[in-house]
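The values are calculated or read from the model by the stated rules, or taken from the named source; none is laboratory data. As the structure is a prediction and not an experimental result, all values here were calculated from the model. Here the Cβ positions follow ideal geometry from the backbone for every residue, glycine too, while neighbour counts run over all protein chains shown. The area values use the complete protein model at the heavy-atom level, side chains included, leaving out ligands, DNA and RNA. Shrake-Rupley method; radii C 1.70, N 1.55, O 1.52, S 1.80 Å.
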Amino acid sequence: MANNNIIALWGSPGSGTTLTSVKIARELASCRKNVVLIFCDSETPMLPVIVPSAEDAKSLGELLAMPSISQVDIFTHCLPIWKTLTALGYLKGENETSWADYSEGRAEELLDMLGSSADFIVLDCSHHLLTNVLTGVALETAGTVFRIANASPKSLSYISSQRPILSDPKFRYGEQVSIINNIYPFQDAPTYKNLIGGKKIYTLPHLLPLMGQAAECRLLEPLEGRDGKAYEPLIRLIVQSEILGKAAGRKDTA
């Protein structure tokens with residue numbers, strides 16, 4: 001059964017999946033929700049990119065490879081960022097061979113245990129959708145799945161190649177929400193919206209300061225000035241409409 005407290009984001013390499021995951025997690029945390037942000041990619045660890053000052057962090061790979069896990073184990077492996085935001089991920093220099101393999105059951109156990117203490121779990125999925133076990137479990141169990149793309153033929157090609165992988169009904173491909181990132185003024189956004197598809201489609205503009213944040217490892221910072229006014233309300237709309245609104249609806253019907 002889908003869990004509305006689990007949010008999964010997947011997309012083509014370079015489409016801004018990590019950027020959007022961070023911004024969504026940041027917005028949720030600013031709404032006083034306890035959020036755990038998980039970077040699933042073991043091939044290109046993103047935790048040291050997003051929080052470069054975190055030298056004493058513990059690895060998500062170590063946690064998943066433990067013989068058994070407890071709430072204390074999870075707590076000690078989560079990296080505090082703010083009072084309402086913590087993160088889990090692989091560390092600098094690690095790769096997919098650094099830790100022992102783990103089962104789908106272990107990934108499910110991790111998400112279940114996190115769900116008992118966090119309001120929302122945001123997973124920045126690996127580009128290897130099914131060979132990365134945590135990503136596969138996240139895509140199956142998430143109440144909201146965002147499909148991330150750029151307005152580019154390469155991004156469309158990736159989305160098209162992954163659709164058969166996600167054709168199993170358990171992934172609910174038709175219910176996924178699409179986000180097209182980094183759209184330049186000269187690009188034909190409606191055409192790409194038609195090609196990418198999705199239950200609902202949001203578009204986010206190309207903003208040089210946002211690219212600067214990504215390049216300078218400052219994605220946890222707010223986007224200021226005119227660019228912030230063009231971007232932050234869109235992220236807020238996505239969070240309110242697709243995450244908080246859905247969670248509230250679930251409570252109302254409980």
When you look at T131, is it hydroxyl-bearing (S, T, Y) and open to solvent by less than 40 Å² (accessible area, probe 1.4 Å), yes or no? no
Residues located in the stretch 143-196, provided they are of a type in the set (D, E) and farther than 27 Å from L210 by Cα: D168, E175
Just wondering, is there one or more residues in the stretch 155-164 that are open to solvent by less than 30 Å² (accessible area, probe 1.4 Å), touching a helix residue (DSSP H, G or I) at 6+ places or on another chain (Cβ under 7 Å) and under 19 Å from S59 (Cα atoms)? no
Output the residues belonging to the stretch 230-246 that are open to solvent by 40 Å² or more (accessible area, probe 1.4 Å) and modelled with pLDDT of 95 or more. P233, L234, R236, L237, Q240, S241
Find the residue count for the stretch 171-207, including only residues that are open to solvent by 40 Å² or more (accessible area, probe 1.4 Å), hydrophobic (A, V, I, L, M, F, W, C) and modelled with pLDDT of 95 or more. 1
Mind listing whichever residues of the stretch 43-98 are in contact with a strand residue (DSSP E or B) (Cβ under 9 Å, 6 or more places away or on another chain) and acidic (D, E)? D56
Tally the residues that are charged (D, E, K, R) and assigned to a strand (DSSP E or B), restricting the search to the stretch 136-187. 1
Among the candidates A100, A107, which residue alone is without any contact (Cβ under 8 Å) to a residue 60 or more places away in the chain, farther than 19 Å from Y202 by Cα and open to solvent by 40 Å² or more (accessible area, probe 1.4 Å)? A100
How do the strands (runs of 3 or more DSSP E) wholly within the stretch 1-97 filter down when requiring 1 or more residues that are in contact with a helix residue (DSSP H, G or I) (Cβ under 6 Å, 6 or more places away or on another chain) and either surrounded by 15 or more Cβ atoms within 10 Å (Cβ to Cβ) or aliphatic (A, V, I, L, M) (or both): which remain? 3-11, 35-39, 85-88
